[in-house]
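Working notes, structure below.
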Amino acid sequence: MSGPGPPRPPAGTSRYTWIVGVAALLVLAYITLNTLGTDKPGSRGIEAGKPMPPFAVPLATSDLSGDAQVDPEKACGVRGPKILNSCELADRGPVVLAFFATRSKRCERQVDVLERVRRRFPDVGFAAVSVRGNRDDVRRLVRTRGWRMPVGYDHDGAVSNAYAVAICPTITFVRRGGKVAGTSLSMLGEAALARRVKALG
(Lines give C-alpha, C1' and ligand atoms only; values in the text may rest on other atoms or scores of the structure.)
Protein backbone atom coordinates (compact mmCIF):
# COMPACT_ATOMS: atom_id res chain seq x y z
CA MET A 1 0.00 0.00 0.00
CA SER A 2 1.56 3.28 -1.05
CA GLY A 3 1.87 6.16 1.42
CA PRO A 4 0.53 9.68 0.95
CA GLY A 5 2.09 11.67 -1.84
CA PRO A 6 4.01 14.93 -1.42
CA PRO A 7 2.02 17.89 -0.05
CA ARG A 8 0.20 19.92 -2.65
CA PRO A 9 0.35 23.71 -2.80
CA PRO A 10 -2.79 25.49 -1.58
CA ALA A 11 -5.44 26.23 -4.17
CA GLY A 12 -4.75 29.39 -6.11
CA THR A 13 -0.99 29.24 -5.40
CA SER A 14 1.57 28.40 -8.07
CA ARG A 15 3.97 25.57 -7.34
CA TYR A 16 6.94 27.97 -7.65
CA THR A 17 5.52 30.45 -5.13
CA TRP A 18 4.69 27.64 -2.73
CA ILE A 19 8.21 26.15 -2.92
CA VAL A 20 9.82 29.55 -2.37
CA GLY A 21 7.57 30.18 0.63
CA VAL A 22 8.42 26.84 2.23
CA ALA A 23 12.14 27.44 1.64
CA ALA A 24 11.92 30.86 3.28
CA LEU A 25 10.23 29.37 6.34
CA LEU A 26 12.95 26.72 6.65
CA VAL A 27 15.68 29.37 6.43
CA LEU A 28 13.92 31.49 9.07
CA ALA A 29 13.62 28.48 11.38
CA TYR A 30 17.33 27.71 10.97
CA ILE A 31 18.36 31.28 11.74
CA THR A 32 16.11 31.37 14.81
CA LEU A 33 17.50 28.12 16.20
CA ASN A 34 21.06 29.26 15.69
CA THR A 35 20.69 32.75 17.12
CA LEU A 36 18.15 32.39 19.91
CA GLY A 37 18.67 28.80 20.97
CA THR A 38 22.44 28.62 20.91
CA ASP A 39 24.45 27.94 24.03
CA LYS A 40 27.80 28.96 22.63
CA PRO A 41 30.17 31.33 24.53
CA GLY A 42 29.07 34.14 22.22
CA SER A 43 25.65 34.04 23.88
CA ARG A 44 27.09 34.88 27.29
CA GLY A 45 30.14 37.04 26.73
CA ILE A 46 33.34 36.26 28.59
CA GLU A 47 33.12 33.97 31.59
CA ALA A 48 33.33 35.75 34.94
CA GLY A 49 36.76 35.45 36.51
CA LYS A 50 38.59 35.32 33.20
CA PRO A 51 41.13 38.05 32.37
CA MET A 52 39.98 40.95 30.27
CA PRO A 53 41.30 40.26 26.73
CA PRO A 54 43.82 42.95 25.78
CA PHE A 55 43.25 45.01 22.65
CA ALA A 56 44.17 48.25 20.96
CA VAL A 57 42.03 49.95 18.30
CA PRO A 58 41.98 53.39 16.68
CA LEU A 59 39.70 55.93 18.31
CA ALA A 60 36.74 56.36 16.01
CA THR A 61 37.09 60.16 15.92
CA SER A 62 40.80 60.09 15.10
CA ASP A 63 42.46 59.96 11.69
CA LEU A 64 44.35 56.80 12.62
CA SER A 65 43.48 53.75 10.53
CA GLY A 66 44.45 50.12 10.87
CA ASP A 67 43.39 46.75 12.20
CA ALA A 68 42.77 46.03 15.85
CA GLN A 69 45.70 44.57 17.77
CA VAL A 70 44.45 41.64 19.85
CA ASP A 71 47.67 39.68 20.28
CA PRO A 72 48.06 39.21 24.07
CA GLU A 73 51.80 39.78 23.81
CA LYS A 74 51.56 42.97 21.76
CA ALA A 75 48.26 44.73 22.42
CA CYS A 76 49.16 46.34 25.76
CA GLY A 77 52.14 48.07 24.21
CA VAL A 78 50.16 49.78 21.45
CA ARG A 79 49.26 53.12 23.02
CA GLY A 80 48.88 56.73 22.03
CA PRO A 81 46.50 59.69 21.95
CA LYS A 82 44.62 58.21 18.96
CA ILE A 83 44.26 54.71 20.40
CA LEU A 84 41.80 53.00 22.74
CA ASN A 85 43.87 50.51 24.73
CA SER A 86 42.15 48.12 27.14
CA CYS A 87 45.27 47.70 29.28
CA GLU A 88 45.54 51.44 29.74
CA LEU A 89 41.91 51.53 30.88
CA ALA A 90 42.45 48.67 33.33
CA ASP A 91 45.58 50.30 34.77
CA ARG A 92 43.35 53.00 36.29
CA GLY A 93 40.84 50.67 37.97
CA PRO A 94 37.57 48.91 37.08
CA VAL A 95 36.37 49.02 33.47
CA VAL A 96 32.96 49.16 31.84
CA LEU A 97 33.17 48.36 28.13
CA ALA A 98 30.18 48.56 25.80
CA PHE A 99 29.95 47.13 22.28
CA PHE A 100 27.51 48.65 19.82
CA ALA A 101 26.53 48.65 16.18
CA THR A 102 25.64 51.71 14.15
CA ARG A 103 22.08 52.04 12.87
CA SER A 104 20.76 50.35 16.01
CA LYS A 105 18.71 52.75 18.11
CA ARG A 106 18.73 50.31 21.02
CA CYS A 107 22.53 50.22 21.02
CA GLU A 108 22.77 53.98 20.74
CA ARG A 109 20.43 54.45 23.71
CA GLN A 110 22.54 52.08 25.80
CA VAL A 111 25.69 54.07 25.12
CA ASP A 112 23.74 57.22 26.02
CA VAL A 113 23.02 55.64 29.42
CA LEU A 114 26.70 54.79 29.87
CA GLU A 115 27.64 58.36 29.07
CA ARG A 116 25.30 59.69 31.77
CA VAL A 117 26.29 57.14 34.41
CA ARG A 118 30.04 57.41 33.89
CA ARG A 119 30.06 60.95 35.29
CA ARG A 120 29.22 59.52 38.72
CA PHE A 121 32.21 57.17 38.72
CA PRO A 122 35.42 59.08 37.93
CA ASP A 123 37.59 56.16 39.09
CA VAL A 124 36.04 53.72 36.60
CA GLY A 125 37.19 53.53 33.00
CA PHE A 126 34.24 53.70 30.61
CA ALA A 127 34.63 53.07 26.89
CA ALA A 128 32.64 51.89 23.90
CA VAL A 129 33.64 49.96 20.81
CA SER A 130 31.86 50.20 17.48
CA VAL A 131 31.69 46.79 15.83
CA ARG A 132 32.35 47.20 12.12
CA GLY A 133 29.99 49.68 10.46
CA ASN A 134 30.83 52.85 8.60
CA ARG A 135 33.38 54.97 10.42
CA ASP A 136 31.82 58.24 9.32
CA ASP A 137 28.54 57.07 10.83
CA VAL A 138 30.33 56.30 14.09
CA ARG A 139 31.97 59.73 14.14
CA ARG A 140 28.61 61.36 13.50
CA LEU A 141 27.06 59.43 16.39
CA VAL A 142 29.81 60.44 18.79
CA ARG A 143 29.40 64.08 17.83
CA THR A 144 25.60 64.36 17.69
CA ARG A 145 24.93 62.34 20.85
CA GLY A 146 27.66 64.06 22.85
CA TRP A 147 29.61 60.98 23.89
CA ARG A 148 32.72 62.02 25.80
CA MET A 149 33.98 58.57 26.71
CA PRO A 150 36.57 57.06 24.34
CA VAL A 151 34.97 55.20 21.43
CA GLY A 152 37.08 52.69 19.53
CA TYR A 153 36.54 51.55 15.96
CA ASP A 154 36.73 47.78 15.46
CA HIS A 155 36.36 47.74 11.69
CA ASP A 156 37.03 44.03 11.19
CA GLY A 157 35.32 42.70 14.32
CA ALA A 158 38.49 41.30 15.91
CA VAL A 159 37.80 42.84 19.32
CA SER A 160 34.15 41.78 19.35
CA ASN A 161 35.28 38.24 18.56
CA ALA A 162 37.76 38.32 21.44
CA TYR A 163 34.95 39.41 23.77
CA ALA A 164 32.48 36.86 22.40
CA VAL A 165 30.01 39.55 21.39
CA ALA A 166 26.92 38.05 19.77
CA ILE A 167 24.17 40.61 20.39
CA CYS A 168 23.82 44.34 20.81
CA PRO A 169 24.08 45.91 23.27
CA THR A 170 26.74 43.96 25.15
CA ILE A 171 28.49 45.45 28.19
CA THR A 172 31.50 43.81 29.83
CA PHE A 173 32.20 44.68 33.47
CA VAL A 174 35.78 44.31 34.68
CA ARG A 175 37.03 44.49 38.28
CA ARG A 176 40.14 46.29 39.42
CA GLY A 177 43.03 44.05 38.43
CA GLY A 178 41.57 43.11 35.04
CA LYS A 179 39.30 40.15 35.86
CA VAL A 180 35.89 40.06 34.20
CA ALA A 181 33.03 40.41 36.70
CA GLY A 182 30.24 39.70 34.24
CA THR A 183 28.47 40.68 31.04
CA SER A 184 25.14 42.36 30.38
CA LEU A 185 23.29 41.21 27.27
CA SER A 186 20.18 43.32 27.75
CA MET A 187 19.28 46.99 27.89
CA LEU A 188 20.19 48.54 31.26
CA GLY A 189 18.64 51.69 32.67
CA GLU A 190 20.64 54.20 34.71
CA ALA A 191 19.81 52.68 38.09
CA ALA A 192 20.59 49.11 37.03
CA LEU A 193 23.82 50.14 35.34
CA ALA A 194 24.93 52.18 38.36
CA ARG A 195 24.37 49.15 40.62
CA ARG A 196 26.54 47.00 38.38
CA VAL A 197 29.28 49.62 38.38
CA LYS A 198 29.20 50.04 42.16
CA ALA A 199 29.57 46.29 42.59
CA LEU A 200 32.94 46.41 40.83
CA GLY A 201 34.44 48.00 43.97
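Look at (1) within 26 Å of Glu190 (Cα to Cα); (2) in contact with a strand residue (DSSP E or B) (Cβ under 8 Å, 6 or more places away or on another chain); (3) among the hydroxyl-bearing types (Ser, Thr, Tyr); (4) open to solvent by 30 Å² or more (accessible area, probe 1.4 Å) and you find that Ser65 fails only one, number (1).
The rows are residues; the columns are (1) of a type outside the set (Phe, Trp, Tyr); (2) open to solvent by less than 10 Å² (accessible area, probe 1.4 Å); (3) assigned to a strand (DSSP E or B).
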site	(1), (2), (3)
Phe121	no, no, no
Val165	yes, no, no
Gly177	yes, no, no
Val197	yes, yes, no
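Scanning the range 48-57 for any residue that is at pLDDT 55 or above and more than 19 Å from the chain's Cα centre (by Cα) turns up at least one such residue.
Looking only at residues in the range 153-163 that are surrounded by fewer than 18 Cβ atoms within 10 Å (Cβ to Cβ) and part of a helix (DSSP H, G or I), which one is nearest to the chain's Cα centre (by Cα)? Among residues in the range 153-163 that are surrounded by fewer than 18 Cβ atoms within 10 Å (Cβ to Cβ) and part of a helix (DSSP H, G or I), the one nearest to the chain's Cα centre (by Cα) is Asn161. Would you be able to say whether some residue in the range 126-146 is part of a loop (DSSP other than H, G, I, E, B) and touching a residue at least 60 places away in the same chain (Cβ under 8 Å)? No: the range 126-146 contains no residue that is part of a loop (DSSP other than H, G, I, E, B) and touching a residue at least 60 places away in the same chain (Cβ under 8 Å). Number of residues in the range 42-62 that are open to solvent by less than 40 Å² (accessible area, probe 1.4 Å) and in a loop (DSSP other than H, G, I, E, B) equals 8. Within the range 68-114, being surrounded by 22 or more Cβ atoms within 10 Å (Cβ to Cβ) and either of a type in the set (Ser, Thr, Tyr) or part of a strand (DSSP E or B) (or both) holds for Leu84, Asn85, Ser86, Val95, Val96, Leu97, Ala98, Phe99, Phe100. Might you let me know whether the range 62-83 holds any residue that is under 21 Å from Arg195 (Cα atoms) and basic (Lys, Arg)? No, every residue in the range 62-83 fails to be under 21 Å from Arg195 (Cα atoms) and basic (Lys, Arg).
Residue check: is Ala181 in contact with a Pro (Cβ under 9 Å, 6 or more places away or on another chain), touching a residue at least 40 places away in the same chain (Cβ under 8 Å), open to solvent by 30 Å² or more (accessible area, probe 1.4 Å) and small (Gly, Ala, Ser)? Yes; evaluated as a whole, the condition is true for this residue.
The values are calculated or read from the model by the stated rules, or taken from the named source; none is laboratory data. Please read these numbers as outputs of a predicted model, since none were measured by experiment. When we count neighbours, we look across all protein chains shown, and the Cβ atoms used for this are built from the backbone with ideal geometry, even at glycine. Side chains included, ligands, DNA and RNA excluded: accessible areas come from the protein's heavy atoms. Shrake-Rupley method; radii C 1.70, N 1.55, O 1.52, S 1.80 Å.
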